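Enquirer: The following block contains the structure, expressed as structure tokens.
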Amino acid sequence: MLHAIRKLLKKGKDNSQDPLPVVETATTTPPPAHTTSDTTSAATELEVVAEAVEVTLPADEPTLVQSEPISEVPAPPPLYQPPRELDLYEPSVKEAEFGQWLEDRIIGQPKALKALVAAYRAYLNPVRNPNKPICNLIFLGPSRTGKTLCAQRLAEYLHGSRDAYIKVDGGDYIDNANLTKLFGASAQWVGYQKPNEKIPDNVMDTSALLSEHNLIASRKGSPSDVTVVLIDEIEKGCAEFFQFFLSIFDVASATMGNNKKVDYSNCIFIMTSNLGMDRVEKEMAAPIGIGASQPEILTETRIASLVEKCMKEHFLPEFRNRIDMSVVFSHLTNESIRKIVDVEISDFEKQLYTSLAERTFDLQIGTCAREFILSEALKSKGNVANLKRVLEAHVRGPLGTGLINDVIQAGHTVSAIYKGGDRLSFFLSGSASAPEVTAQEQPPKQLLEAKELWTQARKDHDANLIDLAISNLRKAIEVLEPLAGSQDLTLALLYNRLGLYYSKKPDRPQEVAAYTKALEYRHRVPSTAIENAVLDAATIYSNLGVTYAWMHQREKAKETYEQGLEYLKKLSQSSNNCGNLAYFLSRYSQFDSDKSEDLFRWALQVNTKNKEGI
């Protein structure tokens with residue numbers, strides 16, 4: 001065979017004058033493996049022959065065949081990878097969305113908002129303890145501050161309705177005779193319900209408030225599988241009442257009167273209580289008698305400690321240990337109630353679209369009208385409860401009358417404005433029979449009253465009747481403080497003037513308190529809103545610094561001027577009215593003469609910029 005191959009190779013060399021194209025093959029078939037040395041040498045000669053053989057190809061086929069590129073094989077991962085640190089304390093996207101939703105609906109109670117977000121986080125947690133309720137919260141504090149509202153807002157977010165929760169009123173269980181309302185009557189008692197007795201899905205079970213059927217029915221058809229249970233005024237319940245919930249908070253289950261076991265592992269329990277509020281009110285009450293001092297202003301920390309002490313006296317340790325989080329609500333400020341006015345009006349507008357259906361109309365409430373509602377709600381130290389009564393009297397009632405008399409119809413636009421007096425004015429537009437009416441809103445009467453008192457205080461001051469001037473000025477402040485927010489600048493002006501009046505007596509502590517309050521209101525005003533204001537922040541800082549100097553508190557005065565300088569530098573970047581810089585800096589230079597030249601150069605630069613209108 002080798003002889004034949006050599007002969008063929010020799011013949012190819014003789015025909016080299018007519019060469020043919022050589023084809024490069026993509027792949028070469030390997031020769032079969034042999035074990036002997038003869039076959040190995042033969043295979044080597046075959047490979048040489050194969051490379052030199054000339055092959056004749058048809059003319060219509062390509063003369064060159066190329067192989068496809070070989071893809072690069074990825075390198076294998078390293079055998080050891082260092083652990084990666086995870087930040088698992090950041091809130092999830094759903095938690096952040098829920099917190100943002102609550103911020104616009106829970107006003108003035110940041111601690112309660114955090115507690116609700118924590119409860120929602122526990123509900124989302126797939127590895128939570130299945131043998132305990134999702135979360136047990138207790139809200140304490142003064143009434144009408146939003147404790148019950150928190151449970152309603154949570155139910156609204158989970159199920160789409162503020163009524164989608166179970167309410168257990170602790171006042172109904174002062175004695176143990178009514179406990180069967182919670183878990184049902186036994187077989188030998190009237191009201192016993194058989195375990196297999198069927199109740200319609202949309203009807204609540206009246207035999208046992210906390211039955212499994214009611215846990216589902218309270219969700220009002222929501223796909224969410226969590227139930228919100230509100231235990232209102234829990235401190236009023238009897239000992240057996242606490243014992244019943246003690247077992248639920250521990251093992252998330254209870255046996256009804258018909259021996260049917262109910263699972264509460266998908267429940268969020270929110271308890272409310274007014275414990276300790278009587279002690280708080282006693283400490284805040286003004287003392288009676290000759291020589292009695294002013295009542296102490298209780299801080300939130302002090303109120304929380306009083307409430308915690310009352311909790312330890314009233315609740316057993318095993319009950320307190322089953323509470324996941326306790327929150328002490330704080331009194332609502334006027335600014336918080338102002339925001340609640342907007343929330344209540346927004347909720348009422350939503351109600352119009354859901355309850356009126358085809359008779360829906362547009363409602364517009366002006367700014368002065370909202371100020372009037374707020375001022376009426378805050379009369380005689382009113383709270384949210386008074387706000388609801390004002391809305392009922394001045395908004396819901398009149399609009400209801402218009403709907404009953406068919407004066408307001410679908411598609412109309414009703415505008416509520418304040419023109420003066422003790423009521424709102426309503427104007428109708430949007431139909432041919434109701435022509436367009438334009439009316440100018442009037443400021444609330446509190447502004448006019450405060451202006452009169454302020455004018456009288458200035459006259460008293462000019463007549464050297466300092467005590468009477470102070471009294472009238474304080475009355476003006478009391479009239480305006482319920483309108484804080486829109487009148488912050490005016491309140492800052494009045495408090496600054498009050499400090500000047502106290503300096504005539506002199507009464508340094510009252511002076512400091514007045515100037516500090518003036519700065520507090522002054523800082524609330526955006527710099528864009530005070531471009532042409534009469535009041536200067538520099539004047540207030542200067543007056544406060546001078547007062548500290550008169551009190552021989554040099555370090556405190558220097559600190560005040562340094563704070564004022566930082567604030568004025570920020571103000572100079574966004575406002576053309578930077579205050580009485582010359583007066584401020586002349587006073588400041590008395591405490592830090594080394595900076596005098598730099599400070600006055602800066603003041604000159606600011607004044608030059610303002611004159612040029614830059």
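The values are calculated or read from the model by the stated rules, or taken from the named source; none is laboratory data. In this text, all values refer to a predicted model and were calculated from it rather than measured experimentally. Virtual Cβ from ideal backbone geometry, glycine too; neighbours counted across all protein chains shown.
Enquirer: If we keep just the residues of the stretch 451-482 that are of a type in the set (A, V, I, L, M, F, W, C) and outside any helix (DSSP H, G or I), which is surrounded by the most Cβ atoms within 10 Å (Cβ to Cβ)?
Expert: The extreme case among them is Leu465.
Enquirer: Given the options Cys310, Cys368, name the one that is more than 25 Å from the chain's Cα centre (by Cα), within 19 Å of Tyr418 (Cα to Cα) and buried (at least 18 other Cβ atoms within 10 Å of the Cβ).
Expert: Just one listed residue meets the conditions, Cys368.
Enquirer: Checking the structure you have, find out if any residue of the stretch 167-177 is at pLDDT below 95, surrounded by 15 or more Cβ atoms within 10 Å (Cβ to Cβ) and under 19 Å from the mean Cα position of the chain (by Cα).
Expert: Within the stretch 167-177, not a single residue is at pLDDT below 95, surrounded by 15 or more Cβ atoms within 10 Å (Cβ to Cβ) and under 19 Å from the mean Cα position of the chain (by Cα).
Enquirer: Using the structure shown, decide if Ala155 is closer than 25 Å to Arg279 by Cβ, surrounded by 19 or more Cβ atoms within 10 Å (Cβ to Cβ) and under 21 Å from the mean Cα position of the chain (by Cα).
Expert: Taking the combined requirement at face value, the residue does not satisfy it.
Enquirer: Where in the stretch 254-362 are there strands (runs of 3 or more DSSP E), lying wholly inside it, with at least 2 residues that are assigned by TED's automatic domain parsing to the domain that holds Asp104, over 20 Å from Cys150 (Cα atoms) and at pLDDT below 85?
Expert: Answer list for the stretch 254-362: none.
Enquirer: Can we say Phe244 is in contact (Cβ under 8 Å) with a residue 12 or more places away in the chain, in a helix (DSSP H, G or I) and closer than 16 Å to Asn214 by Cβ?
Expert: Yes: the conditions hold for Phe244.
Enquirer: Among the candidates Ala50, Ala96, single out the residue that is modelled with pLDDT of 90 or more and part of a helix (DSSP H, G or I).
Expert: Ala96
Enquirer: Identify, please: which residue in the stretch 233-273 is buried (at least 18 other Cβ atoms within 10 Å of the Cβ) and polar (S, T, N, Q) and is, among those, farthest from Gly171 (Cα to Cα)?
Expert: Asn258
A quick yes/no check of all residues on (1) outside any loop (DSSP other than H, G, I, E, B); (2) at pLDDT 95 or above; (3) of a type outside the set (A, V, I, L, M); (4) under 17 Å from Val327 (Cα atoms):
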| site | (1), (2), (3), (4) |
| --- | --- |
| Val127 | no, no, no, no |
| Asn131 | no, no, yes, no |
| Ile138 | yes, yes, no, yes |
| Pro142 | no, no, yes, yes |
| Thr145 | no, no, yes, yes |
| Leu149 | yes, no, no, yes |
| Asp163 | no, no, yes, no |
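Enquirer: Right, something else. Do we have Asp225 as modelled with pLDDT of 90 or more and more than 17 Å from Lys167 (Cβ to Cβ) here?
Expert: So Asp225 passes the test.
Enquirer: Tally the residues that are touching a helix residue (DSSP H, G or I) at 6+ places or on another chain (Cβ under 9 Å) and among the small types (Gly, Ala, Ser), restricting the search to the stretch 159-179.
Expert: Qualifying residue count, the stretch 159-179: 4.
Enquirer: Filter the stretch 210-232 for residues that are under 16 Å from Met256 (Cβ atoms) and β-branched (Val, Ile, Thr); which is surrounded by the fewest Cβ atoms within 10 Å (Cβ to Cβ)?
Expert: That would be Ile216.
Enquirer: If you scan the stretch 395-409, which residues turn out to be within 19 Å of Ser346 (Cα to Cα) and either in contact with a helix residue (DSSP H, G or I) (Cβ under 8 Å, 6 or more places away or on another chain) or surrounded by 15 or more Cβ atoms within 10 Å (Cβ to Cβ) (or both)?
Expert: Val395, Arg396, Pro398, Leu399
Enquirer: Would you please name the residue that is farthest from Ala185 (Cα to Cα), looking only at residues in the stretch 224-241 that are in contact with a strand residue (DSSP E or B) (Cβ under 8 Å, 6 or more places away or on another chain) and in a helix (DSSP H, G or I)?
Expert: Checking each candidate, the answer is Glu235.
Enquirer: What tally of residues in the stretch 105-125 results from selecting those that are of a type outside the set (Val, Ile, Thr), within 22 Å of Thr272 (Cβ to Cβ) and part of a loop (DSSP other than H, G, I, E, B)?
Expert: Summing the residues that are of a type outside the set (Val, Ile, Thr), within 22 Å of Thr272 (Cβ to Cβ) and part of a loop (DSSP other than H, G, I, E, B) in the stretch 105-125 gives 3.
Enquirer: I'd like to check something: does the stretch 317-325 contain any residue that is among the aliphatic types (A, V, I, L, M) and either under 26 Å from Glu481 (Cβ atoms) or more than 25 Å from the chain's Cα centre (by Cα) (or both)?
Expert: Scanning the stretch 317-325, I find no residue that is among the aliphatic types (A, V, I, L, M) and either under 26 Å from Glu481 (Cβ atoms) or more than 25 Å from the chain's Cα centre (by Cα) (or both), so the answer is no.
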